[in-house]
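The values are calculated or read from the model by the stated rules, or taken from the named source; none is laboratory data. Model, not experiment: these values are computed from the prediction. Positions of Cβ are generated from backbone atoms using ideal geometry, with glycine treated the same way; all protein chains shown enter the neighbour counts. The area values use the complete protein model at the heavy-atom level, side chains included, leaving out ligands, DNA and RNA. Shrake-Rupley method; radii C 1.70, N 1.55, O 1.52, S 1.80 Å.
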Amino acid sequence: MQVKTILNRLQKQPGFVYGAVRLVEEAGRLHLEVDLRPRANRQPRCAGCQRPGPGYDTLALRRFEFVPLWGLAVFFLYARRRVQCRRCGVRVEAIPWAAGKHQLTTTYAWFLAAWAKRLSWTAVAEVFHTTWDHVFRSVAMAVRWGLAHRNLTGITAIGIDEFARRRGHRYVTLVYQLDLCCRRLLWIGPDRKAGTLLGFFRWLGPRRTAALRFVCSDMWKPYLRVVAKKAGHALHVLDRFHIMVHMNKAIDKVRAQEARALQAQGRAPVLTRTRWLLLKRPDHLTDAECPRLSDLLSYNLRAVRSYLLREQFQFFWTYTSATWAGKFLDRWCTQALRSRIDPMRQVARMLRRHRPLLLNYFRAKRALSTAAVEGFNNKARVTTRTAYGFRTYRVMEIALYHTLGALARAENSPQILLRRHIKVDDITRICTDPCKKAG
Ligand SMILES: [Zn+2]
């Protein structure tokens, strides 16, 4: 089978035909070149309005990069014509394999975008011998298409999350859909002010906002205010992940203070390098960490007592009845307030203040997936921090939508083309097989 035959089956170009295929050596590397030419007697179509018109002239030969074969770069070679369009004037012709001034074919852009979900953008560029910029453009194209083709019906549960984009408290607000059937990133906004979240509700529109049944968030005041104002009809839930983040911050503070105090008093530095021992959930500890933790817990330290308070609090989430959970919460808060450990007392006071919202957790528990918030938050951090090599807000936004947005892919992405191709073949086989037809 020839390369041309494969291309003709998988990647037909309406109005154009494939010509010769050559293996070319350039600067010590091999690549494939595929000629393309317009079908005879076929007028070029205007890139502006897609209407056919008489040819005006022909531009210089250009290369369009296609999906690599056997690790060889593949280029389509084509000299674009210009059209004398009655509506738009002299315009370059439309070509089915690439959009605008792109050097990448649309199929290759979808291919790179799909890999960019699994690898960092730098890694994709390295593996496929292309540039970071090409990968970025491909992802941006996929995200643009996916956002334009989103189905936004049936959103009943949302989660509001924020994280510091960089050190120095530059925040972003993320809003997720948390329905059991569909969990994805819906919206991103800069900062974490009331105005940010108001922007989300403006985007969502009054009709979809009215359909919300659950809103999940942190205890961050501006969020609470906006949710009460805009979605007061929905059940507002404080989720587990954000509460435990507050508790971990308190433990970390206690530990740091106490470690410094121990050092100042010239006592044994039992708290050095114990940060993760105390912050990790006990079931997440490694085999080496377990004995170190039990050793640490034998000391009567404030950090240890805070840790035990947190572990005790985990029990709160296991209740099914809001009433019993409420009783547990009251007991826990009393105990924490008596502990004489200030950061833990602050947490207890905060939990008391938000008691009704906290107990809503048990009213919504089965209807939405609050556990997804933690997963999303982690993924968002990894996406922005690992070597994606970007700095601007816009690039971060694209990366987050790409990894968390559960966006659809266009019909001409290679994976879908291939799947469709197999399906068509199956259908022809079934239709031409008389036994199958009879059965
Ligand atoms: Zn036109």
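Please count how many residues of region 217-252 are touching a His at 6+ places or on another chain (Cβ under 8 Å), buried (at least 21 other Cβ atoms within 10 Å of the Cβ) and closer than 16 Å to Asn377 by Cα. Counting residues in region 217-252 that are touching a His at 6+ places or on another chain (Cβ under 8 Å), buried (at least 21 other Cβ atoms within 10 Å of the Cβ) and closer than 16 Å to Asn377 by Cα gives 2.
Regarding region 66-88, can at least one residue be identified that is modelled with pLDDT under 90 and touching a helix residue (DSSP H, G or I) at 6+ places or on another chain (Cβ under 8 Å)? There is at least one residue in region 66-88 that is modelled with pLDDT under 90 and touching a helix residue (DSSP H, G or I) at 6+ places or on another chain (Cβ under 8 Å).
If you go through region 366-384 and keep only what is under 12 Å from Cys216 (Cβ atoms) and surrounded by fewer than 16 Cβ atoms within 10 Å (Cβ to Cβ), you end up with just Ala371. The single residue among Leu119, Leu147 that is away from the ligand (no atom under 16 Å from the Cβ), aliphatic (A, V, I, L, M) and modelled with pLDDT under 90 turns out to be Leu119.
Remark: pairs (first residue in region 60-80, in contact (Cβ under 8 Å) with a residue 60 or more places away in the chain; second residue of a type in the set (Gly, Ala, Ser); Cβ separation under 7 Å; 6+ apart in sequence or on different chains) = Glu65/Ala73. Taking region 91-103 as the range and being open to solvent by less than 60 Å² (accessible area, probe 1.4 Å) and either within 16 Å of the ligand (Cβ to nearest atom) or closer than 21 Å to Asn8 by Cβ (or both) as the test, the residues that pass are Val92, Glu93, Ala94, Ile95, Pro96, Trp97, Ala98, Ala99, Gly100. Checked against (1) outside any loop (DSSP other than H, G, I, E, B); (2) modelled with pLDDT of 60 or more; (3) of a type outside the set (Ser, Thr, Tyr), Ala408 passes all but condition (1). Tell me whether region 12-32 contains one or more residues that are surrounded by 14 or more Cβ atoms within 10 Å (Cβ to Cβ) and within 16 Å of the ligand (Cβ to nearest atom). Taking every residue of region 12-32 in turn, at least one turns out to be surrounded by 14 or more Cβ atoms within 10 Å (Cβ to Cβ) and within 16 Å of the ligand (Cβ to nearest atom).
Taking Phe200, is it surrounded by 18 or more Cβ atoms within 10 Å (Cβ to Cβ), more than 20 Å from the chain's Cα centre (by Cα) and at pLDDT 90 or above? No, not satisfied. Checked against the criterion of being without any contact (Cβ under 8 Å) to a residue 60 or more places away in the chain and open to solvent by 10 Å² or more (accessible area, probe 1.4 Å), the candidates Arg170, Arg183 yield just one match: Arg170.
Just one of (1) touching a residue at least 40 places away in the same chain (Cβ under 8 Å); (2) open to solvent by less than 30 Å² (accessible area, probe 1.4 Å); (3) farther than 22 Å from Leu224 by Cβ fails for Ile155. It is (3). Selection of region 338-365 for residues being open to solvent by less than 40 Å² (accessible area, probe 1.4 Å) and over 36 Å from the mean Cα position of the chain (by Cα) yields Ser339, Ile341. Among the residues of region 120-136, the one identified as without any contact (Cβ under 8 Å) to a residue 24 or more places away in the chain, open to solvent by 60 Å² or more (accessible area, probe 1.4 Å) and in contact with a helix residue (DSSP H, G or I) (Cβ under 7 Å, 6 or more places away or on another chain) is Thr131. Looking at region 296-337, which of its residues are open to solvent by 90 Å² or more (accessible area, probe 1.4 Å) and either acidic (Asp, Glu) or within 34 Å of the chain's Cα centre (by Cα) (or both)? Correct list: Phe315, Thr320. Among the residues of region 38-56, those that are open to solvent by less than 60 Å² (accessible area, probe 1.4 Å) and either closer than 9 Å to Cys88 by Cβ or near the ligand (Cβ under 10 Å from one of its atoms) (or both) comprise Cys46, Ala47, Gly48, Cys49, Gly53. From the set of residues in region 58-82 that are within 16 Å of the ligand (Cβ to nearest atom) and more than 38 Å from the chain's Cα centre (by Cα), which is most open to solvent (accessible area, probe 1.4 Å)? Only one residue fits best here, namely Arg82.
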